[in-house]
1. Mind listing the long-range amide H neighbours of ARG290? Cut-off is under 5 Å, sequence gap 5 or more, other chains count too, H placed in the peptide plane at 1.01 Å from N.
2. Please build a GNM for the chain, connecting alpha carbons under 10 Å apart, and tell me which residue among LEU180, LEU11, LEU128 fluctuates the most.
3. Normalised radius of gyration for region 218-287, please: alpha carbon Rg relative to 2.2 N^0.38 Å, two decimal places.
4. Which chymotrypsin sites (Phe, Trp or Tyr not before Pro) from region 57-121 combine a DSSP loop assignment with at most 10 other Cβ atoms within 10 Å?
5. Over the chain, with a Gaussian network built from C-alpha contacts below 10 Å, which listed residue (ARG115, ARG89, ARG251) shows the highest mean-square fluctuation?
6. Tilt of helix 262-274 relative to the longest C-alpha principal axis of the chain, in degrees (0 to 90, nearest 10)?
7. Which residue, chosen from THR179, GLN135, LEU28, occupies the Cα position most advanced towards the positive end of the dipole of the chain, where the dipole is computed from +1 (Lys, Arg) and -1 (Asp, Glu) charges on Cβ about the Cα centre?
8. Once you've got the GNM for the chain with C-alpha springs shorter than 10 Å, pick whichever of GLU151, GLU132, GLU108 has the biggest mean-square fluctuation.
Amino acid sequence: MSTLQSSPPQLLAAHAHDLGGGFVVRRLLPAAQRQAVGPFLFFDHFGPVTITPADNHDVRPHPHIGLATVTYLFEGVILHRDNLGYTQRIEPGAINWMTAGSGIVHSERKPEAERDRTYVNHGLQLWLALPEAAQELPATFTHTPADAIPEVRDGDAQVRVLVGQALGAQSPVLTLSPTLYLDVQLPGAGQWTLPMLAEEQAVYVVQGDVQLDGQPLAPHTLVVLTGTTVLTAGPEGARLVVIGGQPLGRRLIWWNFVSTRKERIAQASQAWEAGDASQGMGQVPGETERIALPERAPLPTQGV
């Protein structure tokens, strides 16, 4: 798939989004100019943020349909719990993949063991569209530990193949469509030639200064690529991620729900209000709270 850049890359700037309790993320997708890159519909970058015992950044139980989430930490810890009965500490380097499918409810909280501790949280949470035929699959959650993720050296770059296949390595994480997700570290002044490894592909600088084909990248910019590019780190080195894969077409996105049909989103909204466990909208074991459906927010009429 390696081709030279045939046109200027598309640059998507981050915008701040408050998830509640003062927990602000940088959101890159969806953007006004573009809904998705490959199957990736949402791209949230949070931190580095210092969490103190007084902070409450917990995300209470909330539902999803029609998508998959992938959570990846560079630092810190988050406790995942869901209505399938899974409780999982999410820690740096591991991949935590949740397929919402026909419906799931989960919470993301500070673990009890960390309640009186000060630490740093830093990571990414991405949402992916599911193939249209797979939107109503039963919900699942899969944890892949850090030591199961393959890591390869490619020139100056140290590359962890989080999801998909690249540079002769294959991630053990199972997906429903061709998907690429890499965690890349470059040393000071290090250089990496990145070919097109997926049908659609983008790069995001997590930390450090980076030049793309000799031009400096603005901080917190997602760059949608059209061909082979050369990335050069500044003197302090850099960390970046690459995402991409097969595009799956536009989706309707409303609150935490994704679908190709407005009627399905309306159905999921009613099921959440009713707490209908038969539609995947039951309570998370051990939880007593829930995030209410947004009031008076119109359902979507077209894709974001």
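The values are calculated or read from the model by the stated rules, or taken from the named source; none is laboratory data. Note that the structure is predicted; figures quoted are calculated from it, not measured. Ideal geometry is used to build each Cβ from the backbone, glycine not excepted, and the neighbour counts take in all protein chains shown. Only protein heavy atoms, including side chains, enter the accessible area calculation; ligands, DNA and RNA are left aside. Shrake-Rupley method; radii C 1.70, N 1.55, O 1.52, S 1.80 Å.
1. For ARG290, no residues qualify.
2. LEU11
3. Compared with the compact-globule rule of thumb, region 218-287 sits at 1.82.
4. Counting only loop positions with at most 10 other Cβ atoms within 10 Å, none of the chymotrypsin sites (Phe, Trp or Tyr not before Pro) in region 57-121 qualifies.
5. Between ARG115, ARG89, ARG251, it is ARG115 that shows the largest mean-square fluctuation.
6. Tilt of helix 262-274: around 50 degrees.
7. Going by the charge dipole, the pick is GLN135.
8. GLU132
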